[in-house]
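Take a look at the structure set out below.
The values are calculated or read from the model by the stated rules, or taken from the named source; none is laboratory data. Keep in mind it's a predicted model, so treat the numbers as computed, not measured. As a convention, Cβ positions derive from the backbone with ideal geometry for all residues, glycine included, and neighbour counts pool all protein chains shown.
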Amino acid sequence: MSTTFSKEEKAAMRAAAAEAKAAKLGADLEAACLTAIEEMAGTDKELAEILHRLVKEHTGLGAKTWYGMPAYANADGKVVVFFQSAAKFKVRYATIGFQPDAELDDGNLWPTSFAVVNLSAADQARLVELLKKAVGAA
């Protein structure tokens, strides 16, 4: 097993460092998120745009980037939900994930990330339910 980081992992770490610096300097974090989405292509871009729209319409989370990917944080600045493009890590599906500050607890076992290749109307409705639950609004 290799103990070295991949090119993509190194880029993500550099992005995280730049994001922390930008936040300290008062940068427009939502603009950075929108730029990250704009730089995507194809299905990744479509999925990220849908997630962004749903988060903005149904939660009070603030847009930012996290490891170079679109993410949405609570008032304390903690990432609640994020999008990871398939292209970034050369995998067959994008990921929508929820961090520990998401209030998705459901017994002893619950999902915290989802593989995504398309978001139908029914999928979007389910995602809205998850987003609302994640921020304690459901």
Here the residues within the stretch 90-109 that are assigned to a loop (DSSP other than H, G, I, E, B) and surrounded by 13 or more Cβ atoms within 10 Å (Cβ to Cβ) are 93, 99, 101, 102, 103, 104
Apart from one, (1) closer than 21 Å to residue 61 by Cα; (2) in contact with a strand residue (DSSP E or B) (Cβ under 7 Å, 6 or more places away or on another chain); (3) not small (Gly, Ala, Ser) all hold for residue 78; the odd one out is (2)
| query | Within the stretch 30-41, is there a residue that is touching an Asp or Glu at 6+ places or on another chain (Cβ under 6 Å), under 18 Å from residue 11 (Cβ atoms), free of Cβ contacts under 8 Å to residues at least 60 places away in the same chain and of a type in the set (S, T, N, Q)? | reply | no
Scanning the stretch 110-122 for residues that are loosely packed, with under 15 Cβ neighbours inside 10 Å, at pLDDT 95 or above and out of contact with any Phe, Trp or Tyr (no Cβ under 8 Å at 6 or more places or on another chain) gives 118, 120, 121, 122
Outside any helix (DSSP H, G or I), in contact (Cβ under 8 Å) with a residue 24 or more places away in the chain and of a type outside the set (Val, Ile, Thr) - does that describe any residue in the stretch 120-132?
no
- Query: Does at least one position in the stretch 71-84 carry a residue that is hydroxyl-bearing (Ser, Thr, Tyr), surrounded by 12 or more Cβ atoms within 10 Å (Cβ to Cβ) and part of a loop (DSSP other than H, G, I, E, B)?
  - Reply: no
Among residues of the stretch 57-70 being over 19 Å from residue 103 (Cβ atoms) and in contact with an Asp or Glu (Cβ under 9 Å, 6 or more places away or on another chain), the residue surrounded by the most Cβ atoms within 10 Å (Cβ to Cβ) is 65
Filter the stretch 1-49 for residues that are polar (S, T, N, Q) and modelled with pLDDT of 90 or more; the one that is nearest to residue 87 (Cα to Cα) is 43
With the first residue restricted to the stretch 82-100 and required to be in contact (Cβ under 8 Å) with a residue 24 or more places away in the chain, and the second required to be outside any strand (DSSP E or B) and of a type in the set (Ser, Thr, Tyr), Cβ contacts under 7 Å at 6 or more apart or on different chains are 86/93; 94/85; 98/112
